[in-house]
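*Asks:* There's a structure below that I have some questions on.
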Amino acid sequence: MRLLLTGLVFIAVLAVPFFIWGNLFSEDVQVLQEKIRDYGVWPWLAGIFLLVADILLPIPATAVMAALGLIYGPLLGGVVAAAGSFLAGTVPYLCCRTLGRGAGEWIVGSKELEKVERLFGRYGGWAVALSRWMPLLPEVVACFAGLVRMPGRKFFAALACGSIPMGFAFAAMGEMGKDKPVLTIVLSAVVPALLWLIVGRILTQLSLRD
């Protein structure tokens with residue numbers, strides 16, 4: 001129960017900025033493109049910053065990725081968008097991992113933390129990879145992964161499986177200038193699952209050899 005309440009608190013805390021400042025950041029792709037272009041030779045850096053800021057602010061991450069696609073095209077725009085999404089998952093993971101196990105026990109309790117460790121031991125890769133295309137959940141999953149000290153090799157591999165398809169999918173949709181949200185959602189959900197199915201098995205084999 002404490003674990004569930006903690007997860008709900010994390011989601012509530014992350015949702016607060018959306019209710020307070022959501023209207024300030026509710027820009028469409030074209031408007032975001034113009035704002036990002038205002039950074040001169042650094043629009044890629046502005047895009048990555050906005051994607052990382054999505055951890056705490058109600059930034060429309062998918063619209064930022066689409067704007068990057070409009071600016072740089074589907075390939076380079078996809079690289080930048082994927083990098084921003086990857087960093088957005090890395091920051092909360094490293095921050096919570098740095099806090100250590102003691103902080104995790106204080107937040108959810110030792111017994112609940114052991115349950116989370118078992119869950120992440122079995123399904124952590126899937127959770128990290130698939131959460132990237134969901135609202136709010138990416139940050140919560142990354143935080144829990146850090147608290148239970150999920151192995152870095154496994155976490156970053158799963159994070160890449162989720163971030164790369166999402167970045168390229170939305171950048172491609174932005175570059176084409178078409179609105180196909182259903183296709184984008186399907187690609188962002190199915191491709192990470194397929195990638196993690198392959199990468200997860202590879203990591204398992206490598207772990208057995210070590």
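*Asks:* So if we plug the beta-carbon distance of Arg201 and Arg149 into 1/(1 + (r/R0)^6) with R0 = 30 Å, what FRET efficiency do we get, rounded to 0.05? Can you show the working numbers first?
*Replies:* Numbers: r = 23 Å, r/R0 = 0.75.
The pair Arg201/Arg149 has a calculated efficiency of 0.85.
*Asks:* So for Tyr93, Tyr39, Tyr72, fewest C-beta neighbours within 10 Å to most, what's the order?
*Replies:* Working: Tyr93 24, Tyr39 13, Tyr72 20.
The most exposed by this proxy come first: Tyr39, Tyr72, Tyr93.
*Asks:* To make sure I understand, if each residue's beta carbon is the centre and we count other beta carbons within 10 Å, what order do Met173, Met150 fall in, fewest to most?
*Replies:* Values: Met173 23, Met150 26.
Sorted ascending by nearby Cβ count, the order is Met173, Met150.
*Asks:* Estimate the FRET efficiency between Glu34 and Met134 by the formula 1/(1 + (r/R0)^6), using the beta-carbon distance for r and 22 Å for R0, to the nearest 0.05. Could the numbers behind the result be given before it?
*Replies:* On the way: r = 28 Å, r/R0 = 1.28.
In this case the efficiency is close to 0.20.
*Asks:* Suppose the chain between Leu99 and Leu45 were pulled fully straight at 0.36 nm per residue; how much longer would it get relative to their current alpha carbon spacing?
*Replies:* Working: separation 54, 0.36 × 54 = 19.44 nm, distance 2.81 nm.
Contour length minus the Cα-Cα distance gives 16.6 nm.
*Asks:* What is the distance, in nm, between label points placed 7 Å from the Cα along the Cα-to-Cβ direction at Leu75 and at Leu57?
*Replies:* It works out to 3.2 nm between the two label points.
*Asks:* Under 25 °C and 0.890 mPa s, how fast does region 29-139 diffuse according to Stokes-Einstein, given a Kirkwood radius computed over C-alpha pairs? Answer in µm²/s, whole number. Don't skip to the answer; put the middle values down first.
*Replies:* Working: Rh = 15.5 Å.
Using the Kirkwood radius from Cα pairs, D works out to 159 µm²/s.
*Asks:* Follow-up. Got a sec to turn the phi values of region 141-154 into Karplus ³J(HN,Hα) couplings, 6.51 cos²θ - 1.76 cosθ + 1.60 with θ = phi - 60°, whole Hz, x for Gly and Pro?
*Replies:* With the stated coefficients, region 141-154 comes to 5, 5, 5, 5, 4, x, 4, 8, 6, 4, x, x, 4, 6 Hz.
*Asks:* Tell me, what ³J(HN,Hα) does each residue in region 54-66 have, in order and in whole Hz, if you take phi through Karplus 6.51 cos²θ - 1.76 cosθ + 1.60 with θ = phi - 60° and put x for Gly and Pro?
*Replies:* Here the 3J(HN,Hα) series is 4, 4, 10, 10, x, 7, x, 4, 5, 5, 4, 4, 5 Hz.
*Asks:* Expected output is a single nm value to one decimal: the length gained when fully extending between Leu119 and Trp106, i.e. 0.36 nm times separation in residues minus the C-alpha distance. What is it? Numbers along the way, then the final one.
*Replies:* Details: separation 13, 0.36 × 13 = 4.68 nm, distance 1.87 nm.
Here the answer is 2.8 nm.
Read-outs: derived from the displayed coordinates by stated rules, not from any lab. Just so you know, these numbers come straight off a predicted model, no measurement behind them. Cβ coordinates were reconstructed from backbone atoms using ideal geometry, including for glycine residues, and neighbour counts include every protein chain displayed.
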